[in-house]
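The block underneath contains the structure these notes are about, expressed in structure tokens.
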Amino acid sequence: MERIEYHRSGNKMDYSDIDTRFERYHDSKQRVEVTWKDGFEDYTGYGCRTEGKKARFYVGKSAGWKPVFLQIYSRASHGGPAILSSAVESIRPLGIFKY
């Protein structure tokens, strides 16, 4: 699905890689637990953190003309790997981030 919009600056923004299932968790700063589909358990290279088929993280968003959602593992993290939406089996909210 092609989701092209224009930013208020007039620049073109491509939201086609944004998985809408994660928007509410990003907006509310909730921590989530994602269950990966078979074969995607360690695709991020963080095998020790995914605990096999599950990963817990905050949902961040990249900047730029084609944003994607990111896996932010702790409050001190400055970035993380992109969330591959085709690998997500289920999403479970864990709680709200407190400043």
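The values are calculated or read from the model by the stated rules, or taken from the named source; none is laboratory data. Only a predicted model underlies this, so the values are computations on that prediction, with no experimental measurement involved. Cβ: placed from backbone, ideal geometry, glycine included. Neighbour counts: every protein chain shown.
Here are some notes:
- Every residue from the range 51-68 that is of a type in the set (A, V, I, L, M, F, W, C) and in contact with a Ser or Thr (Cβ under 8 Å, 6 or more places away or on another chain): Ala55, Val68
- Selection count where residues are over 18 Å from Asp38 (Cβ atoms), modelled with pLDDT of 85 or more and not in a strand (DSSP E or B), scope the range 74-99: 2
- Flag for Glu33 being touching a Phe, Trp or Tyr at 6+ places or on another chain (Cβ under 9 Å), surrounded by fewer than 15 Cβ atoms within 10 Å (Cβ to Cβ) and at pLDDT below 75: no
- Matching residues in the range 55-84 - criterion: being charged (D, E, K, R) and over 16 Å from Gly95 (Cβ atoms): Lys61, Lys66
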